[in-house]
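Asker: Below is the structure I would like to discuss, written out as structure tokens.
Rule-based calculations on the coordinates, nothing more; no lab input. The structure displayed is predicted, hence computed values, not measured ones. Every residue, glycine as well, gets a Cβ built from its backbone with ideal geometry; the counts of neighbours run over all protein chains shown.
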Amino acid sequence: MDTDTFSDKHVIDFSQSNFINLKINTDTDEGFQLFKKFHGVSLPTILFLNPDGNEIDRLIGYHDANTYLGKINDVVKGVNTLDYFLQIYNQYSDSSLISLNIGNKYLERNLIEDAKPFFYNVLNGKNKKYYQEAEYRLAYLEYENNNFEPLLTFIDTNPNSDFTYAGIRTVIRYYRGQSDTISEITYYKKLINFFPTDPNALNSYGWRMSELEMNLDDALEKTQLAVQLSHDNIGTQANILDTEAEILWKLGRIDEAIQTIEKAILLNPDYEYFINQKNKFLKSL
């Protein structure tokens, strides 16, 4: 975010006018202790504190300048924060959306036991629009507590959900960490069966198969489809072309691998990794 979001003039002007801005590295002892104090879950994490040092809200992960500006505007106005939703909840305790927002805000702070009752509120409410997200959150929390079954059940009963996509990726990471390659591949297959036109899903399957040197013909077919599906995103397409080239190389089709990586280089000529890939292929001729 340093190179785009935090260098944006509007972000700089608004931040300097409304906040005292500090960047703290979690690799330092001070940074690590603060990360623990505020129950950090991932990086980057941006904390918004009041003058007494109490948390107003937080932002986790990458966000572009426009999204970040919207967030810090909310913080200044005191809207869409945990305290804001808790105040509204006192008036509209039967609102599934308010309960979901509160549960998610507690999750951001890694306050799991505080989050759970609000997700159960959603499941017990009349509005089923937010049921799926609440069910996924609770299933994921069970997974974090070493109970895998609710997450696996959620995946099998909600094949078209965006949350299923995230759930399958979680299962894949778990099995990979356990060196259970057969189960890992099973869930990669499930990912591309559930999301057959998602270029990122197809590409991740293709790349992993190239690493494992398994199912390479199928991986090539899926990756070539992903290239077609990503025609409107040059950056994504270049990365998928790299996957296709790697698979071709693993299949011994070196000339085709070189031709394919050259297409990626045309899309991103300054990316040294693609150039190194081409050199790797050339050396194997």
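Asker: Add +1 for every Lys or Arg and -1 for every Asp or Glu among the other residues with Cβ under 12 Å from the Cβ of Asn66, and state the total.
Answerer: Residues close to Asn66 contribute a combined charge of -2.
Asker: In addition: Report the FRET efficiency, 1/(1 + (r/R0)^6), for Leu43 and Arg253, where r is their Cβ-Cβ distance and R0 is 51 Å, rounded to 0.05.
Answerer: 0.80
Asker: Taking 0.36 nm per residue of sequence separation and subtracting the Cα-Cα distance, how much length would be gained by fully extending the chain between Phe32 and Asn66, in nm to one decimal?
Answerer: Value of the extension gain: 9.3 nm.
Asker: What FRET efficiency do you get for Glu55 and Phe6 if R0 is 22 Å and r is their Cβ-Cβ distance, rounded to the nearest 0.05?
Answerer: E(calc), rounded to 0.05, equals 0.60.
Asker: Also, quick follow-up: Report, largest value first, the span of the C-alpha coordinates of the chain along each principal axis, in whole Å.
Answerer: Projected onto the principal axes, the Cα atoms of the chain cover 68, 46, 37 Å.
Asker: Next question, about the same structure. At 7 Å along Cα-to-Cβ for each site, give me the label-to-label distance between Asn90 and Asn279 in nm.
Answerer: Each label point lies 7 Å from its Cα, and together they span 6.5 nm.
Asker: Could you calculate the FRET efficiency of Ser15 with Asn145 from 1/(1 + (r/R0)^6), where r is the beta carbon distance between them and R0 is 41 Å, rounded to 0.05?
Answerer: So the FRET efficiency works out to roughly 0.60.
Asker: Now a separate question. How do Ile24, Ile102 line up, fewest other C-beta atoms within 10 Å first?
Answerer: Ile24, Ile102
Asker: Quick check on the range 1-83: take the gyration tensor over C-alpha atoms, sort the square-rooted eigenvalues as a ≥ b ≥ c, and tell me if it's rounded (a/c under 1.5), prolate or oblate.
Answerer: Note, shape of the range 1-83 comes out oblate.
Asker: Which net charge results when you count Lys and Arg as +1 and Asp and Glu as -1 among the other residues whose beta-carbon is under 11 Å from that of Leu220?
Answerer: Its environment carries a net charge of -3.
Asker: Further question on the same structure: So how much slack lies between Ser183 and Asp198, counting 0.36 nm per residue of separation and subtracting their Cα-Cα distance, in nm?
Answerer: Gain on extension, Ser183 to Asp198, equals 3.3 nm.
Asker: If we count every other residue with Cβ under 12 angstrom of Leu152's Cβ, Lys/Arg +1 and Asp/Glu -1, where does the sum land?
Answerer: Local charge sum for Leu152: -2.
Asker: Once you keep just the Cα pairs under 8 angstrom separated by 6 or more residues, what percentage relative contact order results for the range 66-168?
Answerer: Worked out over the range 66-168, it gives 16 percent.
Asker: Ok, one more. Just check the range 196-285 against the gyration tensor rule for me: Cα atoms, a ≥ b ≥ c as the square roots of the eigenvalues, rounded for a/c under 1.5, and otherwise prolate or oblate depending on whether a/b exceeds b/c.
Answerer: It is oblate, given that a/c is not under 1.5 and a/b is not larger than b/c.
Asker: If you rank Leu241, Leu212 by fewest surrounding Cβ atoms within 10 Å, what's the result?
Answerer: Ascending Cβ contact count within 10 Å gives the list Leu212, Leu241.
Asker: At what distance in nm do the modelled label points of Leu111 and Lys128 sit from each other, each positioned 7 Å from its Cα along Cα→Cβ?
Answerer: So the label points at Leu111 and Lys128 sit 3.2 nm apart.
Asker: Let me ask something else about it. Using alpha-carbon pairs under 8 Å, 6+ residues apart, how would you state the relative contact order of the range 9-77 in percent?
Answerer: Worked out over the range 9-77, it gives 26 percent.
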